[in-house]
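What follows is a single structure, written as structure tokens, with notes after it.
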Amino acid sequence: MTASIAPIARDNLTTRVYEELRRAMMEGRFWPGHRFKIRDLAASLQVSETPVREALMQLVREKGLEMEAGRSITVAQLSLAQYLELRSIRLHLEGMAGAAATTRIEPREIDRLAAVHEKLIANEDNGRWFEAVRDNWEFHHSIYQAAQMPELLAIIEGIWLRNGPLVNYQYPHARPTYDGRHRHLDILEALRARDENGVRKGIQQDMIEGGRLLVNVLERLNDGAVTPEELRRAAQNGRLVSATG
């Protein structure tokens, strides 16, 4: 996965490495359990090992990464209980950000979000799972940025730092499903109508309905019925692993 990380300019290296890795994790470019090799990552980023090591340690402190035996650094794997607890927090925070964005977002940005959603669906339909994960992040993150509440955005990003890698488990075995139409369409409609409650509800329902099958996958992981490696191979090979057993 390090090939998807862009080279870093020579100024302010640790901060720039940290920001690149942090964004990559929020976007889901790394899977839970991914092990970072400092030498390889430094070569990919075209920097020395020192800023890479410092950036990784910062991400360990933020609980996005885990250090094992004082040496091995891996992407954190949320348990089912952790995911559900963080989701309860996200329901409030992301709903708040969406409501705040409703009166501030520009019409052209809503049009761009609609295009991002269309790209997401196309990538899902064509089995481009990793691209779909990034599209979903772009859709939601763009709304939260439009809220113009930087402190709230920082808190949300801190949670997505831990949650982003987990979203990879949705594909191909737990693609989001909904009781009616896709909740992104509800969000877009409410944004255009400047309906704060509609946007808040759409975001919350997207999280609950769209994540139902992901919860099933996490339950199976928790029970040992499937392993993270099996899920990774399924996504890479396009093979379905049933979310319900």
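The values are calculated or read from the model by the stated rules, or taken from the named source; none is laboratory data. These figures come from a predicted structure and were not determined experimentally. Glycine gets a Cβ as well: all are built from the backbone with ideal geometry, and neighbour counts include every protein chain shown. Accessible surface areas use protein heavy atoms only, side chains included; no ligands, DNA or RNA. Shrake-Rupley method; radii C 1.70, N 1.55, O 1.52, S 1.80 Å.
Worth a mention:
- Leading residue by the ranking (most open to solvent (accessible area, probe 1.4 Å)) among those in the stretch 28-57 that are of a type outside the set (Phe, Trp, Tyr) and under 20 Å from residue 157 (Cβ atoms): 54
- Any hit, the stretch 58-69, residues being acidic (Asp, Glu), without any contact (Cβ under 8 Å) to a residue 24 or more places away in the chain and surrounded by fewer than 21 Cβ atoms within 10 Å (Cβ to Cβ): yes
- Residue check, residue 148 surrounded by fewer than 16 Cβ atoms within 10 Å (Cβ to Cβ) and touching a Lys or Arg at 6+ places or on another chain (Cβ under 6 Å): yes
- In the stretch 164-183, the count of residues that are out of contact with any helix residue (DSSP H, G or I) (no Cβ under 6 Å at 6 or more places or on another chain), closer than 13 Å to residue 95 by Cα and either of a type in the set (Gly, Ala, Ser) or open to solvent by 10 Å² or more (accessible area, probe 1.4 Å) (or both) is zero.
- Listed by position, the helices (runs of 4 or more DSSP H) contained in the stretch 170-245 that have at least 1 residues being in contact with a Phe, Trp or Tyr (Cβ under 9 Å, 6 or more places away or on another chain) and at pLDDT 95 or above are 183-192, 196-210, 212-223.
- Selection count, the stretch 101-113, where residues are open to solvent by 20 Å² or more (accessible area, probe 1.4 Å) and closer than 20 Å to residue 152 by Cβ: 4
- When the stretch 23-56 is limited to residues that are hydrophobic (A, V, I, L, M, F, W, C) and in a loop (DSSP other than H, G, I, E, B), the one that is nearest to residue 221 (Cα to Cα) turns out to be 31.
- Identity of the residue in the stretch 104-135, touching a residue at least 60 places away in the same chain (Cβ under 8 Å) and touching a helix residue (DSSP H, G or I) at 6+ places or on another chain (Cβ under 7 Å), that ends up farthest from residue 233 (Cα to Cα): 105
- You will find that of 137, 129, 160, the residue that is modelled with pLDDT under 95, crowded, with 18+ Cβ neighbours inside 10 Å and under 22 Å from residue 33 (Cβ atoms) is 129 and no other.
- Figure legend. Inter-residue proximity from the stretch 78-99: first residues touching a residue at least 60 places away in the same chain (Cβ under 8 Å), second residues among the acidic types (Asp, Glu) and surrounded by 12 or more Cβ atoms within 10 Å (Cβ to Cβ), beta-carbon distance below 7 Å, spacing 6+ or different chains. Indicated pairs: 80/219; 99/196.
- Just so you know, in the stretch 75-100 the residues that are at pLDDT 95 or above and among the polar types (S, T, N, Q) include one that is surrounded by the most Cβ atoms within 10 Å (Cβ to Cβ), and it is 82.
- Odd one out for residue 204, checked against (1) open to solvent by less than 70 Å² (accessible area, probe 1.4 Å); (2) free of Cβ contacts under 8 Å to residues at least 60 places away in the same chain; (3) under 20 Å from residue 187 (Cβ atoms): (2)
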